[in-house]
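Only the coordinates and a few stated rules stand behind these numbers; no lab work does. Because the structure is a prediction, the values reported are computed rather than measured. As a convention, Cβ positions derive from the backbone with ideal geometry for all residues, glycine included, and neighbour counts pool all protein chains shown.
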Amino acid sequence: MKATLIIFWKEFRGYFNSPIAYIFIISFLVFTNWLFFKSFFLLNQASLRAFFSILPWVFLFLAPAMTMRSWAEEKKLGTVELLMTLPVKDYEVVLGKFLASFVFLIVTLLCTLPLPLTVMLVGNPDTGAIWGGYLGAFLMGGAYLAIGCCASSLTENQIVAFIIAIFVSFALLVIGENFVLMNLPYRLVPIFAYLGLGAHFESIGRGVVDSRDLIYYVSVIGFFLFLNNLSIESRKWK
Amino acid sequence: MIDVEHISKSFGPTQAVKNVSFNVSKGEVVGFLGPNGAGKSTTMRILTCYLPADEGTARVAGFDVATQSLEVRKCIGYLPENNPLYMEMGVLESLQFIAALRGVPESSRRAKIKQVIEMCGLEPIINKDIDELSKGFRQRLGLAQALIHDPDILILDEPTIGLDPNQIIEIRNLIKSIGKEKTIILSSHILPEVAATCDRVLIINRGEIVGSGTPEELAAMAKGGQTIYVTIRGPLQEVKEKLLSMGTVREISVLGEENGCNRLSLTTDGTAHLCEDIFFLVAQNGWSLSELYQGTVTLEDVFRELTTREA
């Protein structure tokens, strides 16, 4: 676990050592604030609903952008060989890299705290829904990032990693959306509704933290990190 | 220290390593010599546990690379091919990172880092970022990273490739000084380089070991095809005849003529005292000699020799 921590620090500092982190955070803030305030005064409701409802779609592009470097760059530069011949276990590296992007995402989301503060100033919002929304955003973001890390480990081309991650996340997001569910056979609807990335986020966002939703996100993260680990290990397959 | 028994490795239809066996004893400096794609890097990757062998076993410091990979990796310092580095990191930062992952205890980390910085001459660049470094310094940093945990075994994949002649000599001297205490395997495709640093050489071609021995032994194998270049001022016909009558000169070709100076290349059977003999021959006849140069034994010479002998 010590190795995980070391990798985590190196990767996390890596984000902030380059302009990536700042560009990323600023564009995220500009984008989400714009989309939020566009309708906030119009609806005249003291709620962050509009903000949270766009997050699944914002993450769809931003999370893959955060993770596309993580393995693809190492493969391209050959540093993966340096890293994997150090006395570290594969899963420790996988975990360290994921955690770095995860904590970076949490930092980015915390930068939006002025939004709920503004809303609290001008009105009387449901704080349970706000904290629920943030918790859901962390978890859902984690799922997107795990998919992104996994996609990045499949290729040495960052653009390819980016597109694979968007594609997989998109697929997992839309299977739970109503316009897909409507066209499915009756029996499959609950399964797909459960598998969709967005629905659990909405239900946590209502302020109700259900263990099923937590289990869902933790297992999606676990599953894709497992695949990530497999793809790193695959060099050893005969 | 290193025992390799019958390892093979294929990538799809191409067999990169075929039934290779060798061993390296403690304190030895062994060079892998072979053209690009001969299987040098693959063998090194198997020894460093980056890739598994399809068949055969390899033991490093008593540990099996397949089943005790972590223990093996702990006692090896590895400089991979093309010296991959984390370009966005600082020099000191990257050394700290590798030292931490290598499990160098926090208490001795500073001392160890200081030690490799001195050993590899990194003082002038210690505060720079890696992407600002010249190729020579990058190579030293790669070596420093491999040395940080004071490993017993060093595996260096083409440590001098792409460096200028001065840098090559610096790295070579560095390797030589490290080699006094450690077991080293290094690869190269330049024979003089291997000859200058290694106690023993393994020649690898198409995944197989085609020859092994000390650099002197290998050079001796290739002497049959030695070439000598001379430039003599004198009547061309007579010069040729006299040279051929020496007996050891097999063939003469004229490379050029300028102001009465003939530049010749001589293919010889052996080189013992031949240069001296040529000098005396020229002196006796009252000609003048402005060039006398013995072509260095190249990898190709040894190679041609070894492969034709087998066929």
- prompt: Based on the Kirkwood radius over alpha-carbon pairs, what value in µm²/s does the Stokes-Einstein equation return for the translational diffusion coefficient of region A:92-166 at 4 °C and 1.567 mPa s?
  reply: 92
query: Computed over the Cα atoms of chain B, what is the convex hull's projected area averaged over all directions, in nm²?
result: 19.9
- request: Could you give the size of the charge dipole of the protein assembly as shown about its Cα centre, using +1 on the Cβ of each K and R and -1 on the Cβ of each D and E, expressed in debye and rounded to the nearest 20?
  value: 1520
- request: Mind listing the long-range amide H neighbours of B:Ala61? Cut-off is under 5 Å, sequence gap 5 or more, other chains count too, H placed in the peptide plane at 1.01 Å from N.
  value: B:Ile2, B:Asp3
query: What ³J(HN,Hα) values, in whole Hz, does the Karplus curve 6.51 cos²θ - 1.76 cosθ + 1.60 give for region B:28-33 when θ = phi - 60°, with x put for Gly and Pro?
result: 8, 10, 10, x, 8, 10
task: Note down the magnitude of the dipole of chain A about its Cα centre, charges +1 on Lys and Arg C-beta and -1 on Asp and Glu C-beta and zero elsewhere, to the nearest 20 debye.
output: 260
Integer Hz, Karplus 6.51/-1.76/1.60 couplings in order for region B:189-199, x for Gly and Pro: 10, 10, 4, x, 5, 5, 4, 6, 10, 9, 7
- request: Principal axes first, then extents: for the Cα atoms of the protein assembly as shown, list largest minus smallest coordinate on each axis, whole Å, largest first.
  value: 112, 52, 47
- prompt: Taking amide hydrogens as modeled 1.01 Å from N in the peptide plane, which residues meet the under 5 Å criterion relative to B:Val210, leaving out close sequence neighbours?
  reply: B:Ile203, B:Ile204, B:Asn205
- request: Using the charge dipole of the protein assembly as shown (Lys, Arg: +1 at Cβ; Asp, Glu: -1 at Cβ; taken about the Cα centre), state which of A:Ser152, B:Gly295, B:Phe279 has its Cα farthest towards the positive end.
  value: A:Ser152
task: Rounded to the nearest Å, what's the spacing between the alpha carbon centres of region A:32-104 and region B:246-292? Just the number, please.
output: 72
message: Give me the three principal axis extents of region B:227-294 from the C-alpha atoms, as integers in angstrom, largest value leading.
response: 31, 23, 19
field: Compactness of region A:108-238 - radius of gyration and Dmax, Cα, Å
entry: 17.4, 63
Residues B:Ser265 and A:Ser53, FRET efficiency given R0 of 56 Å [Cβ-Cβ distance, rounded to 0.05]: 0.10
message: Which three extents, in angstrom, do the Cα atoms of region A:1-61 have along their principal axes, listed largest first?
response: 50, 25, 19
message: What FRET efficiency comes out for A:Ile163 versus B:Glu216 if R0 is 56 angstrom and r is the Cβ-Cβ distance? Round to the nearest 0.05.
response: 0.45
field: Estimated dipole of region B:227-294 in Debye, rounded to 20 [Cβ of Lys and Arg +1, of Asp and Glu -1, Cα centre]
entry: 40
query: Which entries of A:Lys2/B:Lys135; A:Lys75/B:Lys74; A:Lys10/B:Lys74; A:Lys10/A:Lys76; B:Lys18/B:Lys176; A:Lys10/B:Lys26 show an alpha-carbon separation above 25 angstrom in the structure shown?
result: A:Lys2/B:Lys135; B:Lys18/B:Lys176; A:Lys10/B:Lys26
field: Sequence-distant aspartates and glutamates (8 or more away, or on other chains) whose Cα lies within less than 12 Å of A:Lys89
entry: A:Glu233, B:Glu71
Dimensionless Rg ratio for chain A, taking C-alpha atoms and the 2.2 N^0.38 Å reference: 1.06
